[in-house]
Amino acid sequence: MAPAPDQHRKIIHVDMDAFYASVEQRDNPELRGLPVAVGGGGPRGVVAAASYEARKFGVRSAMPGAQARRLCPDLLFVRARFEAYREVSQQIRGIFERFTDIIQPLSLDEAYLDVTQNKLGIVSATYIAQEIRRLIREETGLTASAGVSCNKLIAKLASDQNKPDGLCVVKPEQAEAFMAAMPVARIHGVGPVTARRMAKLGIHTGADLKAWPMAALQRHFGKAAAFYHGAARGIDERPVRERETRKSISVEDTFASDIGAEGQLVAELEKIAARLWQRVTASNALGRTVTLKIKLGDFRILTRSRTLPAPPGDAEDLLAIGAELLRAQLPLPIGARLLGLGLSNLIGEDEDEIEMDPQLRLAFG
């Protein structure tokens, strides 16, 4: 049921705190209070998640493992256990469903909920958010942060205000002031490239953005201008909805000259696997099917796939599987002009609904 014309929507964004790392610390008491990174710590490894103890040193998700070790020499790496994370995610989803069926998961560890018309008839969205956080703590032993507001944009920004284990409520009458003070680089839908372009134009905050008329925004930002114009005013009409997930994520490289030697091919595949894992971790996507693509010099295309019992845990896993698929095709009849590696059968990913810079889009979708 849609809210009455004079009734504001009540949207909650719930974001688990350092989800993967927190699950590992919960399940292994020896890791509690220590800097922990989930992912690969080897030369090609990438951080999938970092505990708050590790974040104090500057360790972040999607960071190369070698860089993370330099920042935090005592960093403890643990391999990802995606089945465990998925199980906890389903448990949390069950808590959400006690209050509403209008749930839009963004990944295993965050979701939007529309509680305007909720199952229990609770008037206060703030109370619902408090109850959800309490139940998550009691039933999973983990903490969650939440943002409550009248739309998705502000609710998501609010959930990040008081992390970890925090709650931030932005009432409808506070929405415009909240966005006015917000750095544009933090607004979801303003990617790093767009943020730099805005900075060059003197747009640093929501207030700066609001000062620009629609026509001027359209000249500089095209179709995304309407979203930016509304965002600066605290307006976001996007509904909370289940959305179609992308089918796969991939990376491919075309070479300046054809390559046929095994050593060269594997070296190129190492670079591709590292980039693919960065995209996988950035989108919080888990997948069990690895696909190798080879385009030969005469433009024939070979593809080989393998479906695994569990998702790869890091870039080294991806590389090992890709290299095995590659070696099974050697020697190639002629040199390869392109190599690609993809991950499919995905289980969750981050939202990408707003028109973004083309440079920032993932390869699939």
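Where the centroid of each part is defined by its Cα atoms, how far is the range 6-31 from the range 61-79 in Å? Their Cα centres are 22 Å away from one another.
A full extension of the chain between Q264 and R327 corresponds to an added length of 21.5 nm, given 0.36 nm per residue minus the alpha carbon distance.
Once you reduce the range 99-114 and the range 172-250 to the center of their Cα atoms, the two points are 22 Å from each other. Note on the chain: the C-alpha convex hull projects to 20.3 nm² when averaged across all orientations. Descending by average beta-carbon neighbour count within 10 Å, the peptides 25-31, 333-339 line up as 333-339, 25-31, the highest first. Extension gain, K271 to D298: 0.36 nm times the residue separation minus the Cα-Cα distance gives 7.4 nm. Rounded to the nearest 20, the Cβ-based charge dipole of the chain about its Cα centre (Lys and Arg +1, Asp and Glu -1) stands at 620 debye. For the chain, modelled as a GNM with alpha-carbon contacts under 10 angstrom, which of L106, L142, L308 fluctuates the most? Top of the fluctuation ranking is L308. Here the spin labels are modelled as points 7 Å beyond Cα on the Cα-Cβ line, and at E237 and A199 they lie 3.3 nm apart.
Given in Å, the Rg to one decimal and the Dmax to the nearest whole number for the Cα atoms of the range 248-325 are 12.6, 37. Can you give the FRET efficiency to the nearest 0.05 for M214 and V123, using r as the Cβ-Cβ distance and R₀ = 30 Å? Here the calculated transfer efficiency is 0.25. Counting Lys +1, Arg +1, Asp -1, Glu -1, what net charge surrounds A50 among other residues with beta carbon under 10 Å of its beta carbon? Charge balance in the 10 Å sphere: +2. Between D165 and E97, the distance separating the two model label sites (each 7 Å from Cα on the Cα→Cβ line) works out to 2.9 nm. Measuring between alpha carbons in the structure, the pairs from K119/K152; K200/K271; K247/K271; K163/K223; K271/K295; K156/K200 lying more than 28 angstrom apart are K200/K271; K163/K223. Sorting the segments 265-273, 299-307, 32-40 by their residues' average number of neighbouring beta-carbon atoms within 10 angstrom, most packed first, yields 32-40, 265-273, 299-307. Here the range 173-241 is treated with +1 on each Lys and Arg Cβ and -1 on each Asp and Glu Cβ, and its dipole about the Cα centre works out to around 360 debye.
Just checking the listed ones, R69, R79, R98: in the Gaussian network model of the chain with Cα springs under 10 Å, the one fluctuating most is R98.
A short reminder: the numbers here are calculations on the coordinates, not readings from a lab. Predicted, not measured: the structure shown is a model, and the values here were computed from it. Positions of Cβ are backbone-derived with ideal geometry, glycine not excepted, and every protein chain shown enters the neighbour counts.
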